[in-house]
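Chemist: Before we start, here is the structure in question, set down as structure tokens.
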């Protein structure tokens, strides 16, 4: 089976379309000579590219051309470590960026780097680390890329590894935000490590579409982290965009996790999932989806499961996923619901203006899924998401025109862990 097989393999079983129609009826005429499978997998009515990365044992990133129903690029990476994995495609559909683990030491993960690939030519370029022979650079996963593909925002640290008989040690400096201009190879240290005080960690950067500003998380004011904004320039001034508020103390330390933070192209809107302290919770902690306006600091809590949700459903919110469209108009969520004995998954969407007015666009009774992937097109009109642990679907956000983009092949054992960590992005 070739390297694109897992993406383009046509499964032997026919997936019934009826549970997914939600009012949509295929208008194919009786003269259509295609099989039901071919019709179900025909994504030619959609435009743009869909990029997905899968972690753990089933590893790799594919850039899929929806209109032509073919892979434009595929990258296989070593993703057995949190510092490798997710790839992102620039909005102009030309540049793919991803992190790569270069070496695994006996007890520690070693150097990592960032790779950019021209998906038309396949030519690759590697991050020009400043680190010398006595140390190495490590990059946190999920670099962010400007719309034109020229600037890459990343979180990096300097590290040094020493191995002596019976002793191994790894010294790591604090994480800082850096922007790599891939045309000039300039590295812009937006924030810097404080070697004397082992200062705060700056992680999870999102670069604006025009490449001039960066939003990131930092521990500089609170151990639970908060959001900060800076211009893309050397040693930039940093402004706190306060998500922490009176009666609301979200723990943002896990927000580099894929599909639990999503940002609009202009960095104005941030959708995120975090643990928060709630006195009415049996555990003292409750998962909460929140929408942050970085211009005003206003926050809106979104209860995606409703007041009547079961304890199982609320506890499963830690596995849910969310996305905001690049234009900031549309929100989407995927989550498990039900009980320990009978469970399923729901996909819901809403507008940013009325975020609590959620519309169900897909419901399945499949066993609870561990980890979701979800993405919206730039204007919020299309949605892609994982379903039943082994399927990737696309449809309109009004629920119509569902199409199966990718699935596992039948002879490969399905494991929820192998879909955990899937990251989806839309480029249209």
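For every residue, the table says whether it meets (1) surrounded by 15 or more Cβ atoms within 10 Å (Cβ to Cβ); (2) under 22 Å from residue 238 (Cβ atoms); (3) modelled with pLDDT of 90 or more; (4) over 21 Å from the mean Cα position of the chain (by Cα).
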{"site": "110", "(1), (2), (3), (4)": "yes, no, no, yes"}
{"site": "153", "(1), (2), (3), (4)": "yes, yes, yes, no"}
{"site": "159", "(1), (2), (3), (4)": "yes, no, no, yes"}
{"site": "199", "(1), (2), (3), (4)": "yes, yes, no, yes"}
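Chemist: Still on this structure, I have one more. Output the strands (runs of 3 or more DSSP E) that fall wholly within the stretch 280-358 and possess 1 or more residues being in contact with a helix residue (DSSP H, G or I) (Cβ under 9 Å, 6 or more places away or on another chain), or say none.
Modeler: 285-293, 330-338, 343-351
Chemist: Which of the numbered conditions does residue 329 fail, given that it passes all the others? Conditions: (1) buried (at least 20 other Cβ atoms within 10 Å of the Cβ); (2) under 19 Å from the mean Cα position of the chain (by Cα).
Modeler: Only one criterion in (1) buried (at least 20 other Cβ atoms within 10 Å of the Cβ); (2) under 19 Å from the mean Cα position of the chain (by Cα) is unmet by residue 329, namely (1).
Chemist: Restricted to the stretch 259-277, and to residues that are under 24 Å from residue 371 (Cβ atoms) and outside any strand (DSSP E or B), which residue is modelled with the lowest pLDDT?
Modeler: Applying the filter and picking the extreme gives 259.
Chemist: Would you point out the residue of the stretch 201-213, among those that are in a strand (DSSP E or B) and over 17 Å from the mean Cα position of the chain (by Cα), that is nearest to residue 142 (Cα to Cα)?
Modeler: The selected residue is 202.
Chemist: Name the residues in the stretch 161-178 that are over 23 Å from residue 239 (Cβ atoms) and assigned to a strand (DSSP E or B), would you?
Modeler: Within the stretch 161-178, 161, 162, 163, 164, 167, 168, 169, 170, 171, 172 meet the criteria.
Chemist: Sticking with this structure for a sec: Counting only residues that are in contact (Cβ under 8 Å) with a residue 60 or more places away in the chain and in a strand (DSSP E or B), which one in the stretch 137-151 is surrounded by the fewest Cβ atoms within 10 Å (Cβ to Cβ)?
Modeler: In this case the residue turns out to be 144.
Chemist: Take the stretch 173-189 and flag every residue that is in contact with a strand residue (DSSP E or B) (Cβ under 7 Å, 6 or more places away or on another chain) and surrounded by fewer than 16 Cβ atoms within 10 Å (Cβ to Cβ).
Modeler: Residue satisfying the conditions is 181 alone.
Chemist: Given the residues 255, 224, which is the only one that is over 18 Å from residue 323 (Cα atoms), outside any strand (DSSP E or B) and either at pLDDT below 90 or out of contact with any helix residue (DSSP H, G or I) (no Cβ under 6 Å at 6 or more places or on another chain) (or both)?
Modeler: 224
The values are calculated or read from the model by the stated rules, or taken from the named source; none is laboratory data. Keep in mind the model is a prediction, meaning the values are calculated, not measured. Glycine also receives a Cβ, built like all others from the backbone with ideal geometry; neighbour counts cover every protein chain displayed.
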